[in-house]
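One structure is given below, encoded as structure tokens.
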Amino acid sequence: MAQIDAFFKLMNEQGASDLHMVAGQQPLLRIRGDMERIRYNVMENDGLKSMLYEIISEEKIKLFEETGDIDFGYEIPGLARYRGNLFQQKYGIGSVFREIPSTIMTCQDLNLPKVISKLSMLPKGMVLVTGPTGSGKSTTLAAIVDEANKLRKDHIITVEDPIEFVHKSQNCIVNHREVGTHTKSFSSALRGALREDPDIILVGEMRDLETISLAMEAAMTGHLVFGTLHTLNASKTVDRIIEIFPANQQAQVRSTLADSLRAVVSQTLFKRIDVKGRCPALEILICTPAVRNLVREGKTYQLPSVMQTGKKYGMQTMDDAIMDMLQKRWISPEDAYTNSIDKTKFISYLRKPPADFTEV
């Protein structure tokens, strides 16, 4: 058993999402969104480095010492998987670990809208799950892929850095590929995937022009592609994809994206006040003919109004999702106000409204 495993067990017992271990500080856990210190000695650089190096391969150690940061995966059988990041900082080595539960939660377990599980049955196209770091994108995607794994008879390929949720083949055959271990990059894995007879491709992160371009190509050639982006809402997601391309290609990209995109799910996690835990607020954009026309014509600023009028298709805005949770008394008015877009809808719920509601 590695020395660091004791911290992972404590993390699991406390229900923490993240473990921070940094030279010059005590270890910290993120519990329900808040950082809490562990009663432990301040960690010395050499001691922490030897503890971390114990669970990392020699190849990863060499890469870390050359570049100053790496991503990697670690698993404790019977407990959980962990997505780790090592980095150099002013006082020495630092690390952050995110717990990936060994049991995959279903869409029902996560209280996701019914339309989310239907995305798993799409025949082709691109579905994007977006949001800031730590907003639960991987958990939502895992639930969708799990639904497909149970209900379809297909080949699923996941490309991640590192592998997070591990899906056991059920009705589908599932192959997991890790960037840096099983393939050089997301783009090379995607290029290879098109020759591996996939039906569903999950791209852990769409970071660059080449990866996004290949994902759209896969979606246009009859595959169902799931991916993540670090964007805050549906319209910004569409803009981000188009803007990453050179100006002379953007008109063509708008047309291709309009044809290939099926849905954008943007989410933010909230701390619950009624029970222990957190819950996601989801903005959902379904690509109806009206949405495709707006994407094609570059009128993404009109997408929020289409989401408000498209509830029969399962669409909803972030503010509507937040209001629903606020009225159920799952989240605090202050949290709702802080994370909302149109703050005028939420100001009346605050005990002490700010003097200028445009300022948080």
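The values are calculated or read from the model by the stated rules, or taken from the named source; none is laboratory data. Since the model is a prediction, treat every value here as computed from it, not as a measurement. Neighbour counts run over all protein chains shown; Cβ positions are idealised from the backbone, glycine included.
The figures follow:
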item	result
Set Arg207, Arg177: member being in the same structural domain as Val264 (by TED's automatic domain parsing), part of a loop (DSSP other than H, G, I, E, B) and either within 27 Å of Glu75 (Cβ to Cβ) or within 19 Å of the chain's Cα centre (by Cα) (or both)	Arg207
Subset of region 108-148 [more than 17 Å from the chain's Cα centre (by Cα) and crowded, with 22+ Cβ neighbours inside 10 Å]	Ala148
Flag for Ala215 being touching a Lys or Arg at 6+ places or on another chain (Cβ under 9 Å), over 17 Å from Met121 (Cα atoms) and assigned to a helix (DSSP H, G or I)	no
Top-ranked residue of region 270-287 - restricted to ones that are charged (D, E, K, R) and not in a strand (DSSP E or B), ranked as surrounded by the most Cβ atoms within 10 Å (Cβ to Cβ)	Arg272
Leu110 being under 22 Å from Gly180 (Cβ atoms) and either touching a helix residue (DSSP H, G or I) at 6+ places or on another chain (Cβ under 7 Å) or at pLDDT 95 or above (or both)	no
Out of Thr221, Thr237, sole residue that is polar (S, T, N, Q) and farther than 16 Å from Val295 by Cα	Thr221
Strands (runs of 3 or more DSSP E) within region 42-143 that include 1 or more residues without any contact (Cβ under 8 Å) to a residue 60 or more places away in the chain and polar (S, T, N, Q)	80-89
Residue within region 286-296 that is under 21 Å from the mean Cα position of the chain (by Cα) and either on the phi < 0 side of the Ramachandran plot or not charged (D, E, K, R) (or both) present	yes
Test: residue in region 300-323 that is part of a strand (DSSP E or B), of a type in the set (Gly, Ala, Ser) and in the same structural domain as Ser138 (by TED's automatic domain parsing)	no
Residue in region 89-108 that is more than 25 Å from Met1 (Cα to Cα) and touching a Pro at 6+ places or on another chain (Cβ under 9 Å) present	yes
Test: residue in region 26-36 that is surrounded by 18 or more Cβ atoms within 10 Å (Cβ to Cβ), in a helix (DSSP H, G or I) and under 24 Å from the mean Cα position of the chain (by Cα)	no
Some residue of region 224-236 being assigned to a loop (DSSP other than H, G, I, E, B), of a type in the set (S, T, N, Q) and at pLDDT 90 or above	yes
Enumeration of residues in region 149-161 that are in contact (Cβ under 8 Å) with a residue 40 or more places away in the chain and either charged (D, E, K, R) or surrounded by fewer than 21 Cβ atoms within 10 Å (Cβ to Cβ) (or both)	Arg152, Asp154, His155, Glu160, Asp161
